[in-house]
1. Sort the following peptides by mean Cβ neighbour count (other Cβ atoms within 10 Å, averaged over residues), highest first: 104-113, 158-167.
2. Quick one: grab the alpha carbon gyration tensor of segment 41-103, order the square roots of its eigenvalues as a ≥ b ≥ c, and give me rounded if a/c is under 1.5, else prolate or oblate depending on whether a/b is larger than b/c.
3. Once fully extended, how much extra length lies between Val183 and Thr124, figured as 0.36 nm per residue of separation less the alpha-carbon to alpha-carbon distance?
4. If the cut-off is 14 Å between C-alpha atoms, which aspartates and glutamates fall inside it for Lys71, apart from same-chain ones fewer than 8 positions away?
5. Let's test this: bin the Cα-Cα distances of the chain at 10 Å from zero up to the farthest pair and state each bin's percent.
6. Taking the chain as the reference, fit the longest principal axis to its C-alpha atoms, fit the long axis of helix 2-20 to the helix C-alpha atoms, and give the angle between the two in degrees, 0 to 90, nearest 10.
7. First measure r as the distance between the Cβ atoms of Asp32 and Asp64, then evaluate 1/(1 + (r/R0)^6) with R0 = 35 Å and state the FRET efficiency to the nearest 0.05.
8. Evaluate the relative contact order of the chain (contact order divided by residue number), counting alpha-carbon pairs under 8 angstrom at least 6 apart; express in whole percent.
Amino acid sequence: MTKLVSIILVVACLFILSACQVTITPMLEVPDQSIEDGEVSINLAIDKVGWLVLHPVTAGGEPDTSVALDKTYFTAAGEYNNIKATVPPLVGEDRTVIARLYYDDPIDRQFEPSDDNTSDPAVTTGDGAIIEDTFTVPGVLPYIEMTQSLTTGIVSITIAIDATGWLVLRPTTTEGEVDTSIVLAKARFPVSGEYPPVEVELPVSIAIGSTIYALLYYDDPADRDFTYTVDGDEDLPVQVDGEDIVESLVVN
């Protein structure tokens, strides 16, 4: 009798455990949100160990799976909310990004997907559709930020530009305007992007208390030769909303 009761208890326990098991259906959602500095929150569920990976899109609108803009590893199946991921914004352009789930198969913590899905395959629904979602990261407008050391004649300048172009320093006219006939210093930037600070030494002829201006110009045509003139059509100023990008600084 005791043996029979034990068997019944074991069966009952197994039944309860089976009934309590939760089936996880993989899903991925990028909720509508204000995306700042490229940071996005993502909700997902995955039924095995795996990855959340962010891909850029090709010119044809397809995911470029050869590039992982960001990825997050999940050591267990489960539902995950508000997972933070970051995508570098593009200067001047909105960036379309595809978020996609992958299994870590074989489990080695190395994201190495294959074209034939024999390793780290994409997670799919029951009918074979890849589980993914698309969102847009707003572009960064071109800008200039300029600061000067108080003890040297060095000016530190940070820029963002949306094409190949120039950073040009100019003096002020006697009327207090930008003197577009004089170039104090210039630097060329070969591709679009946000650049770390560039240090420029001011000419000793610049008087303390005078104003200098930093402006951005396109290198168009891209001939590495700065040929802007007021009445010309080459190397024109970079503009936002029809206004030249200009930053001024009073020399200490």
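Quick note: the coordinates plus some simple rules give every number you see, no bench work behind them. Keep in mind it's a predicted model, so treat the numbers as computed, not measured. Because the Cβ atoms are built from the backbone with ideal geometry, glycine has one as well, and the counts that use them run over all protein chains shown.
1. 158-167, 104-113
2. Because a/c hits 1.5 or more and a/b exceeds b/c, segment 41-103 counts as prolate.
3. Computed gain between Val183 and Thr124 is 15.4 nm.
4. Partners found: Glu39, Asp104, Glu112, Asp120, Glu132.
5. 6, 22, 20, 15, 15, 10, 5, 3, 2, 1, 0
6. Between helix and principal axis, roughly 30 degrees.
7. Between Asp32 and Asp64 the formula returns 0.90.
8. Reported as a whole number, the value is 14 percent.
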